[in-house]
Amino acid sequence: MKSILKLTLLILFFLTGSCSKDKEIKRLLTSSKPYENVEGAYQAMQSDDLNYVPLILKNSGRPGATTALQFKGVTVYEESMYALQHLLHVKPPNLITDSVDSVNVKFYINYWKHFK
């Protein structure tokens, strides 16, 4: 009986943790702060969850860069492109740089429309 209780508590712990992680990633991706968008795109990429793609696409054309130590100099656009490349398993037509490339942004928007 004790082992069943322990297993149930363990499962509840992991479910609670995953829900809060999902909320945190969504909060980061919808933030107005570049650092939080970059962090959100990175965490979304690490999660391998395609549910974050629309939120990543929403900010993918933002040129803002972060000065935070972990992602110093990385732009929202740049991290968004890497996250989309990883999640969708397809490279954009142009090289990913720190400057916004509307061709890459449009490519992923159109790709996602047809992917769904």
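What follows draws every value from the coordinates through simple rules; no lab data is involved. Predicted model only: the values in this text are computed from it and were never measured. All Cβ positions, even for glycine, are placed from backbone atoms using ideal geometry, and neighbour counts span all protein chains on display.
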Modelling each spin label as a point 7 Å along the Cα-to-Cβ direction, I'd like the Thr67/Ser47 distance in nm, to one decimal. 2.9
Greater than 26 Å apart at Cα, pairs in Lys72/Lys116; Lys26/Lys113; Lys21/Lys106; Lys33/Lys116: Lys72/Lys116; Lys21/Lys106; Lys33/Lys116
What nm value, rounded to one decimal, do you get for the distance between Val90 and Phe115 when each label is placed 7 Å out toward the C-beta? 0.8
